[in-house]
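Okay, so here's the structure we're looking at.
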Ligand SMILES: Nc1nc2c(c(=O)[nH]1)N[C@H]1C(S)=C(S)[C@@H](COP(=O)(O)O)O[C@H]1N2
Ligand SMILES: [Mo]
């Protein structure tokens, strides 16, 4: 890796997870993964430890375990916007100015009914509101109220094929090298009652810095799983063919795919 590339990677990581405390953590991680990526045995041990973590969670909670919900008085007065900057394209800004009238949530992949939903389509579906705590891997948390469509309803409408195992969230924001943010969860977590596609935060339209027009809330996992600036959902059987092959932007840089809390 050239010095320029390694600086670029480090800057990307910092953007992904913020600054300050993250710097120490991530520079350690960065180095560790440089070494680990050349060591296949260690990598497969790590991967199986991650699977074990998911298996243990599923054993302890074979049904859906609900994340704690809070009351209005617990809502944080400040909720830190984090990650990559909002999409900088002309199209994104123009759509924001038109209140997303031309934006569509495109749903593709291993489904019987490929679909596209407008924001008002989503808003006419039965909604769920929840006050939950967001935990970022970097070590900060904040509580907010989220309103959106349970992902389960979308799943029921588009009818996944037998082979579908994951939902990939394609986002509109990119890092400095032009790579798009993306994330994925399995169909089990996607059907969790608190997993919602949120279009409101604290009784207002989702603000741009928090992922307008639509973001994921997957309350049993860490912050980086909560994809913002969503443009499409893709149902897949595997994650290998996307991005760096690890199922998400942060995962491609060494973070766990299953970020259970
Ligand atoms: N599209 C996109 N989604 C993203 C990120 C990002 O950079 N781009 N950052 C993730 C991280 S690390 C966190 S902690 C949360 C931050 O959400 P917030 O900006 O509402 O605090 O979004 C997650 N989802
Ligand atoms: Mo995060």
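The values are calculated or read from the model by the stated rules, or taken from the named source; none is laboratory data. In this text, all values refer to a predicted model and were calculated from it rather than measured experimentally. Note that each Cβ is placed from the backbone with ideal geometry, even for glycine, and that neighbours are counted across all protein chains shown.
Structure values in brief
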item: Residue within the stretch 206-217 that is more than 12 Å from the chain's Cα centre (by Cα), surrounded by fewer than 17 Cβ atoms within 10 Å (Cβ to Cβ) and within 15 Å of ligand 2 (Cβ to nearest atom) present; result: yes
item: Test result for residue 252, away from ligand 2 (no atom under 16 Å from the Cβ) and not in a strand (DSSP E or B); result: no
item: Restricting the stretch 129-141 to residues that are away from ligand 2 (no atom under 16 Å from the Cβ) and surrounded by fewer than 19 Cβ atoms within 10 Å (Cβ to Cβ), the residue that is farthest from residue 79 (Cα to Cα); result: 129
item: Any helices (runs of 4 or more DSSP H) falling wholly within the stretch 40-128 and containing at least 2 residues that are modelled with pLDDT of 95 or more; result: 90-97, 119-124
item: Verdict on residue 194 being more than 12 Å from ligand 1 (Cβ to nearest atom), touching a strand residue (DSSP E or B) at 6+ places or on another chain (Cβ under 8 Å) and at pLDDT 95 or above; result: yes
item: Residue, nearest to residue 233 (Cα to Cα), within the stretch 160-183, restricted to residues that are within 15 Å of ligand 2 (Cβ to nearest atom) and touching a helix residue (DSSP H, G or I) at 6+ places or on another chain (Cβ under 6 Å); result: 183
item: Residue in the stretch 152-159 that is out of contact with any helix residue (DSSP H, G or I) (no Cβ under 6 Å at 6 or more places or on another chain), within 13 Å of ligand 1 (Cβ to nearest atom) and assigned to a loop (DSSP other than H, G, I, E, B) present; result: no
